[in-house]
Amino acid sequence: MKEGLIVVGAGTMGRGIAQFFLQSAIPVTLIDLSKDILAQASEEIEKRLFRLEEKGKLPEGFTNQQLRQLTCSSSLTGHRGKLVIEAVVENMEVKKKLFRQLAEAYDHSTIFASNTSSLSISEMASTIPFPERLLGMHFFNPAPIMPLVEVIEGMETDGGIVEQVIQLLADLGKTPVRAIDTPGFIVNRVARPYYNEALKIYGEKVASFEQIDRILRGAGFKMGPFELQDLIGIDINFATTCSLYEAFHQDPRFRPSPIQEQMVKSNRLGRKTGKGFYHYE
Ligand code: NAI
């Protein structure tokens, strides 16, 4: 990994993944269509690394040194890296188009990974000339902190590449878990009915969302389902539920909630827009 890695998409997850690799002393190129988002992302990464350094969790001088290893760019081409991880919006057509562009820009020795929460790795891989080099690397939010990473093997993914990625993540202190390519993999398959039931209880006025969060925190969850949706992004959470609902042929267990849909349409996306179920400064 001396050549570093490339992260495409500098939103909630892309910037977290970039920070995680920088913390591990690996050079990162962070790419996004939006220059404003790139500027926000690099500012946030810088702040978080300095905070870790102040707390003594990173060696003195590490942040300044590592920030020189971060390149931000709005162009997909002209960068060096043997691993490209995409963390753009949860939309199959957008991801397929991106992988087609990446396959033209990077050679056959590159490993391509998607941070998708739910979409088919095999379908994404079918659009590029070397499908065996594409796999899922599903980080959890916040990426620098959460140890779990689902490593998803598509129908054609080379087993050797899966092993290589698992080893890399383990060496960097993550907990990689191998998953097969089914809608939502493992965690999101379990999590969808959980969010849906919480939304139903709230919609039926059985309890307020604050109460539901408080009760689940009391039951041992680190965060309740509504504060977690705000952290993830209501749009991303809704897109993931829609994707499982369609993939399982409209199985009612995964039916998306009208509450979430209305929030997405009103741009109440959670922390990223300052308003979701809760309000943020
Ligand atoms: P986000 O909406 O915060 O960020 C997406 C970014 O991608 C935006 O900055 C956008 O400008 C950029 N983008 C869109 N199309 C692009 C393109 N063609 N080239 C370059 N940049 C492009 O989304 P978020 O939450 O970071 O999610 C990204 C992916 O990670 C999704 O697939 C999502 O399902 C997955 N994921 C999200 C988690 C979460 O908690 N938000 C957790 C785990 C996975």
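The values are calculated or read from the model by the stated rules, or taken from the named source; none is laboratory data. Remember, it's a predicted structure, so these values are computed and weren't measured experimentally. Here Cβ is always computed from backbone atoms with ideal geometry, including for glycine, and neighbour counts include all displayed protein chains. Heads up: the accessible areas ignore ligands, DNA and RNA and are worked out on the full protein's heavy atoms, side chains in. Shrake-Rupley method; radii C 1.70, N 1.55, O 1.52, S 1.80 Å.
Of all lysines in the structure, the ones whose alpha carbon falls short of 21 Å from that of K272, not counting any fewer than 8 places away in one chain, are K35, K47, K222. In the full protein context, the chain carries 49 Å² of accessible surface per residue, based on a 1.4 Å probe and ignoring ligands, DNA and RNA. Normalised by residue number, the volume inside the convex hull of the Cα atoms of the stretch 46-114 is 126 Å³ per residue. The GluC sites (Glu not before Pro) of the stretch 187-267 that DSSP puts in a loop, and whose beta carbon has at most 14 other beta carbons within 10 Å, are E204. Within the listed set K35, K82, K265, the Gaussian network model of the chain (springs between alpha-carbon atoms below 10 Å) gives the highest mean-square fluctuation for K265. Only Cα pairs under 8 Å and 6+ residues apart enter the sum, and on that basis the relative contact order of the stretch 1-79 stands at 35 percent.
Taking amide hydrogens as placed 1.01 Å from N in the peptide plane, the amide H of M137 sits under 5 Å from those of S114, N115, T116, I152, each at least 5 positions away in sequence or on another chain. Applied to the stretch 162-179, the Karplus parametrisation 6.51 cos²θ - 1.76 cosθ + 1.60 on θ = phi - 60° returns per-residue 3J(HN,Hα) values of 4, 4, 4, 5, 4, 5, 4, 5, 5, 4, 8, x, 7, 10, x, 10, 6, 9 Hz, with x for Gly and Pro. Database remark: amide H of T29 closer than 5 angstrom to the amide H of L5, I6, V7, T71 (H placed geometrically; neighbours at sequence offset of 5 or more, or on other chains; Pro and chain starts carry no H). Distance between the pseudo-spin-label points of R80 and E44 (7 Å out from Cα toward the beta carbon): 2.9 nm. Using only side-chain charges placed at the Cβ, +1 for Lys and Arg and -1 for Asp and Glu, the dipole size of the chain relative to its Cα centre rounds to 560 debye.
Here the translational diffusion coefficient of the stretch 182-246 follows from Stokes-Einstein with Rh set to the Kirkwood radius across Cα pairs; for 20 °C and 1.002 mPa s it amounts to 175 µm²/s. Computed extension gain for L231 through R178, at 0.36 nm per residue and net of the alpha carbon distance, reaches 16.6 nm. Under 5 Å from the amide H of R178 lie the amide H atoms of V151, each residue being 5 or more positions distant or on a separate chain, with H modelled from the backbone and absent for Pro and chain starts.
Share of the chain's accessible area from carbon and sulfur, percent, 1.4 Å? Accessible surface attributable to carbon and sulfur in the chain totals 53 percent.
Under a Gaussian network description of the chain, with springs only between Cα atoms under 10 Å, the residue in G78, G203, G270 that fluctuates furthest is G78. A simple rule links phi to the HN-Hα coupling: the Karplus curve 6.51 cos²θ - 1.76 cosθ + 1.60 with θ = phi - 60°, which for the stretch 270-279 gives x, 4, 5, 10, x, 9, x, 5, 10, 9 Hz, with x for Gly and Pro.
Here each label is just a point 7 Å from Cα along the line to Cβ, and for A247 and Q211 those points are 3.4 nm apart. Against the compact-protein benchmark of 2.2 N^0.38 Å, the Cα-based radius of gyration of the stretch 100-213 scales to 1.29. The label-point distance for N267 and E104, in a model that sets each label 7 Å from Cα toward Cβ, rounds to 3.3 nm.
Calculated [222 nm] ellipticity per residue, helices only, for the chain: -14000 deg cm²/dmol; basis is -39500 (n - 2.57) per DSSP H run with n ≥ 4, divided by all residues, nearest 500.
The alpha carbons of the chain give a radius of gyration and a Dmax of 18.8, 55 Å, in that order. With θ taken as phi - 60° and the Karplus curve 6.51 cos²θ - 1.76 cosθ + 1.60 applied, the whole-hertz 3J(HN,Hα) list for the stretch 49-54 is 5, 4, 4, 5, 5, 4 Hz, x standing for glycine and proline. According to the Cα-based calculation, Rg over Rh for the stretch 1-154 is 0.96, with Rh computed by the Kirkwood formula.
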